[in-house]
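Report on the following structure.
A short reminder: the numbers here are calculations on the coordinates, not readings from a lab. In this text the structure is predicted, and so the values were computed from the model without any measurement. Cβ placement follows ideal geometry from the backbone for every residue including glycine, while neighbour counts extend to all protein chains displayed.
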Number of protein chains: 2
Amino acid sequence: MTETVDAAPASSPLADDDMFDPAFVDAIIEGLDEEDAAHVQELVEPLHPANIADLFELLDSDRRRRLAAALGPRLDGDVLAEMNDWVRDDLIDALAPHEVADLATQLDTDDAVAIIEDLEAEEQRAVLRAMPADDRAAIEAALSYPEESAGRLMQRELIAVPEHWTVGQIIDYLRENPELTTDFWEVFVVDPGHRPVGALKLSWILRTPRWVPVADAMQREQTLIPVDMDQEEVALRFQKYALISAAVVDSSGRLVGMITVDDVVHIIQEEAGEDITRLSGAGDGDINRPFLETVKTRQTWLIVNLGTALLASGVVSLFQDTISRLVALAVLMPIVASMGGNAGTQTMAVAVRALATNQLTQSNTIRTITRELRIAIANGFTLGVLIGLGVYIIYREPELSGVIAAAMVINNLIAGLSGILVPLTLDRLKVDPAVSSAVFVTMMTDIMGFFSFLGLATLVGLPG
Amino acid sequence: MTETVDAAPASSPLADDDMFDPAFVDAIIEGLDEEDAAHVQELVEPLHPANIADLFELLDSDRRRRLAAALGPRLDGDVLAEMNDWVRDDLIDALAPHEVADLATQLDTDDAVAIIEDLEAEEQRAVLRAMPADDRAAIEAALSYPEESAGRLMQRELIAVPEHWTVGQIIDYLRENPELTTDFWEVFVVDPGHRPVGALKLSWILRTPRWVPVADAMQREQTLIPVDMDQEEVALRFQKYALISAAVVDSSGRLVGMITVDDVVHIIQEEAGEDITRLSGAGDGDINRPFLETVKTRQTWLIVNLGTALLASGVVSLFQDTISRLVALAVLMPIVASMGGNAGTQTMAVAVRALATNQLTQSNTIRTITRELRIAIANGFTLGVLIGLGVYIIYREPELSGVIAAAMVINNLIAGLSGILVPLTLDRLKVDPAVSSAVFVTMMTDIMGFFSFLGLATLVGLPG
């Protein structure tokens, strides 16, 4: 009658910060290297599935497979569901299709789909063939929805009741059908066409007398999630309306599944976190990603940046004569370009963030652009005065310090403008601003940094 | 008997993407400018509190106050709880202490604390004095815990029952005490010293016969949150163990509050998102932050970077003689520095992310450093060959292209090393790596980019 989740028990190998004691990990590694499966099993025994998943992530690829072999059935669907995608793919590659099918069968649809969707087409078919017919049908239905959509994220296991029941009938139905899911936080009320007409939070069911009709007790307004909605959008709805679970409906409005907040929490963490690494051109930035794939992703970005660096360098080459007459220009020019890059990155990070969280919308675009330009002017002025003074102190050349101060103001304006306009434009073009903004913004600040500084210097006839 | 939450009703001013139709916002603005409070109220009437909060965020400061005046009591605690911190502070400044007290009294402790904690000390005292004694006591207790700790985040409203009850007694207790909170997802079981000994998910209570003793039905293992735990750590626990709510305990293990996942979702979003803007030196990067504070935060960072840019420029100045003999060096040197900066930023973003999510721990530090160095070597080699070839094609100078290729390899190694070691070191020193990594990493890649390229050029005696 009890369900036990061994979350960080008292005699735990986890430190206060919920991370493994390194001595414990060393003991596991020793056990694996000595092929002492019994000892490894004993060490892993008290762990929560999420901790076992973490343990796999801490090991190298070779030891991960040995740990999987040592654990046997303790490596169950719950552990796999908690595991980092890359580590899981690596492990599943080593399993036979019927073993993967057994693991997936233990899980709710959403977790089973997460495991199966990343398999190669042929392996996926083999795994699905090895599953019981009803589980297979549920997973095939989920796979028919686009990747990263609500349809992939939802579970089909949910409680739906007709409007004409009473609260007591719901309770009896739940008590009498032990095969129903236990993981639910509200009961959905549907009409004869299986369209949601309301919902009942469990706390509300518990607090309402048995004789009360469902129609009187239910909450009629609820946030319905279309089955093809992007998961990032789903996460924003959950956050905005403080949802614990939500009904998923198909295009004709029928209830087809339920999304719970624990699945959404992962997405919020991933999507917000990935924006950081995507902005830097490191893709999803997962430290468990295979080496070659990681190198490929990062190099693609670096090579694009090499192109823009060559462009910027081409701008410098236009002014070789001026530089050869005054080498101080070569010494100072990186300052203007680099400060522009920093200021542009600040504005860009703010804009990317505001777009990702739906804070920057059509209604406040003009106000936000104006705000960034005011900030750029304030920053350009301060930095221009500072660098102008500094250059005067070192070189005692009023023209040179005037030129660098003016170039700093100009490049900060360029930085502010491109920092906000590039992400906005990409967003309007339906391109993820986190992926592509940085290359355009730093290209602008590099090129314009060199051009404004060296151009002004040539214009005023430096060396004077 | 019903609770209504008007989440995006059918005849909604919200577009499919859950953002306001710009025409709707314009109508609101028009109503405010014409001081037509009745029309504004009518437009706002069907909105969910979260949407009303969004509406405030879209307006400028002056119109926000006019909207607050027009809404009157419709601007309730729920709207304030959903509002962006900066926008809320701006509004609350315009309210009298007793008005703030009235609003806070409507809310659960955690939401009330969020509103009150940011007030100036004197205003805070005035608001607290205007609150009913028991609410005041609860909020003062919460304020006694550190900022951003579990104690601030928790609500005191929860359901706790003794172990010797039956499931039926819990249901009767809930039905007979309408003043109890309705927002709970599990019932906590406590011993006579009010220490948690187990928990019962509501779905479990509903599915268990009335006569079953609580002690037999409850789940004994649960994740307890210490009251002084940092909120980021709380969020990681919720995510890792897929929690919906969790008991908060004081240092003697007594149950003092409950944290629910909807509060945690905001924190995950904020903390992960802020890492992006913090890395760029734009602080929390909120577009609603007051102008002067924003400028101050960003300028502090830019001025620190101006210092490092001057250092890098000092390195260039050591090689003025070499540059004056071969101006092509000035043209090419920004490429080496900028590519190092890009590669360093990639590694740094990955490291900051892995540290923030507890993926990078003592047990896999060496492996992760090795991995980043291998990536740096692979990238350095590819970029070195590409730039070497490119420079040879343009300048037909084998020595120059050899020098830039070698400098590229060296600076990529520096980038990889500093990209991983700087965040790791800051983390060990208990400094947030997201705040301070970038300045050190780009300083290293700038300085070493110029030094390796110009130094090697001087060493091989260029121009040849």
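Just a few scattered comments:
- Average projection, convex hull of the Cα set of the stretch A:290-459: 11.5 square nanometres.
- Given B:Lys240/B:Lys430; A:Lys240/A:Lys430; A:Lys430/B:Lys240; A:Lys201/A:Lys240, the pairs whose alpha carbons are separated by over 25 Å: A:Lys430/B:Lys240
- Expected 222 nm ellipticity per residue - DSSP helices of 4 or more, -39500 (n - 2.57), all of the protein assembly as shown, to 500: -20500 deg cm²/dmol
- Cα pair count fraction exceeding 12 Å, expressed as % - the stretch B:143-188: 69
- Among A:Ile115, A:Leu206, A:Met333 - extreme Cα towards positive end, dipole of chain A, charges at beta-carbon: A:Met333
- Our estimate of slack between B:Arg396 and B:Asp62, defined as 0.36 nm per intervening residue step minus the Cα-Cα distance, is 113.8 nm.
- Modelled FRET efficiency - R0 60 Å, A:Leu180 with A:Val460, Cβ distances, 0.05 increments: 0.15
- Value of relative contact order over the stretch A:290-459, rounded to a whole percent, pairs C-alpha under 8 Å and six or more apart: 37
- A Förster distance of 35 Å, applied to the separation of the beta-carbon atoms of B:Gln320 and B:Val385, puts the FRET efficiency at 0.70.
- When the Cα convex hull of chain B is projected onto planes of every orientation, the mean area is 29.9 nm².
- Charge dipole of the protein assembly as shown about the Cα centre (unit charges at C-beta), most positive-ward option of B:Ser251, B:Ala50, B:Ile28: B:Ile28
- Charge dipole (Cα centre; +1 on Lys/Arg Cβ, -1 on Asp/Glu Cβ; no other charges) of chain A amounts to roughly 3220 debye.
- Over the stretch A:400-464, the ratio between the Cα radius of gyration and 2.2 N^0.38 Å evaluates to 1.37.
- Counting only Cα atoms, the stretch B:38-121 measures 37, 24, 21 Å along its principal axes, largest extent leading.
- Estimated FRET transfer efficiency (B:Ala141, A:Glu140; beta-carbon r; R0 56 Å; 0.05): 0.55
- When +1 charges are put on Lys and Arg Cβ atoms and -1 charges on Asp and Glu Cβ atoms, the dipole computed for the protein assembly as shown relative to its Cα centre reaches about 3520 debye.
- Sorting A:451-460, B:408-417, A:254-263 by their mean Cβ neighbour count within 10 Å, with the most densely packed peptide first, gives B:408-417, A:254-263, A:451-460.
- Across the stretch B:95-110, computed HN-Hα scalar couplings (Karplus, 6.51 cos²θ - 1.76 cosθ + 1.60, θ = phi - 60°) run 9, 6, x, 5, 5, 4, 4, 4, 5, 5, 5, 6, 9, 5, 3, 4 Hz from first to last residue, x flagging Gly and Pro.
- Placing +1 on each Lys and Arg Cβ and -1 on each Asp and Glu Cβ, with no other charges, gives the stretch A:160-276 a dipole about its Cα centre of roughly 780 debye.
- Against the compact-protein benchmark of 2.2 N^0.38 Å, the Cα-based radius of gyration of the protein assembly as shown scales to 1.02.
- Centre separation in Å (Cα based) which lies between the stretch B:121-174 and the stretch B:334-407: 52
- Less than 5 angstrom separates the built amide H of B:Gly257 from those of B:Val248, all sequence-distant by 5 or more or on a different chain.
- For the stretch A:253-260, Karplus couplings with θ = phi - 60° (6.51, -1.76, 1.60), whole Hz, Gly/Pro x: x, 7, 6, 10, x, 9, 10, 10
- Put a dot 7 Å past the Cα of B:Ala121, heading toward its Cβ, do the same for A:Asp191, and the two dots end up 6.1 nm apart.
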